[in-house]
Amino acid sequence: MAISSTVNIKNKRASFEYHLLDTYVAGLALLGTEIKSIREGKANINDSFCAFFEDGLYIRNMHIAEYSFGSFYNHESKRDRKLLLSKKELKKLREKGEEKGFTIVPLRIFINERGFAKVEIALAQGKKDFDKRETIKERESKRELDRAMKR
């Protein structure tokens, strides 16, 4: 029996601030109260980023609200959480992430069909101001085209 869930927490700023090059889906090493809060939709990844430490890739500044029914077993809301990827993917991300101008940003958190929390991350390159203005122009022209087609 598959667990149906509609949890889809997005980082809307990521596509505006960065050129997204490669995307990966990574598992999250979570505590019990953290997964319960994510299933309630109480997580925020707008200011978060990914960084390498000695033993792997971690997501930093991801806020998961404390579980309302958790007692003294509750988790810290902004702790570093380990991302679960294959060695091949980690090696590729480490090589690219160390180059100047590249970073690893989380795009969305979702629950897969088996009930596990997953994070979609992307290797990204920062946009300049004129790139951001171009993105806004494209978005507005697409919106106007959709309005014209609707009429």
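Derivation of every value follows stated rules applied to the coordinates shown; laboratory data play no part. What you see is a predicted model; the values in this text were computed from it and never measured. Here Cβ is always computed from backbone atoms with ideal geometry, including for glycine, and neighbour counts include all displayed protein chains.
Treating only the Cβ atoms of Lys and Arg (+1) and Asp and Glu (-1) as charged, compute the dipole magnitude of the chain about its Cα centre; round to the nearest 20 debye.
460
Using a Förster radius of 22 Å, what is the FRET efficiency between Lys12 and Ala148 based on their Cβ-Cβ separation? Nearest 0.05, please.
0.30
Using the Karplus curve 6.51 cos²θ - 1.76 cosθ + 1.60 with θ = phi - 60°, work out ³J(HN,Hα) for each residue of region 87-92 in order, rounded to whole Hz, and write x for Gly and Pro.
So the Karplus estimates, Gly and Pro as x, are 4, 4, 5, 4, 5, 5 Hz.
Give me the percent relative contact order of the chain, please, defined on Cα pairs under 8 angstrom at least 6 residues apart.
Relative contact order here is 33 percent.
Can you give the calculated 222 nm mean residue ellipticity of the chain, where each DSSP H run of n ≥ 4 adds -39,500 (n - 2.57) and the sum is split over every residue, rounded to the nearest 500 deg cm²/dmol?
-9500 deg cm²/dmol
Evaluate E = 1/(1 + (r/R0)^6) for Lys82 and His19, where r is the Cβ-Cβ distance and R0 equals 30 Å; express this FRET efficiency to the nearest 0.05.
0.70
To the nearest Å, what is the center-to-center distance of region 92-145 and region 1-67, using C-alpha atoms only?
Between the Cα centre of region 92-145 and that of region 1-67, the gap is 13 Å.
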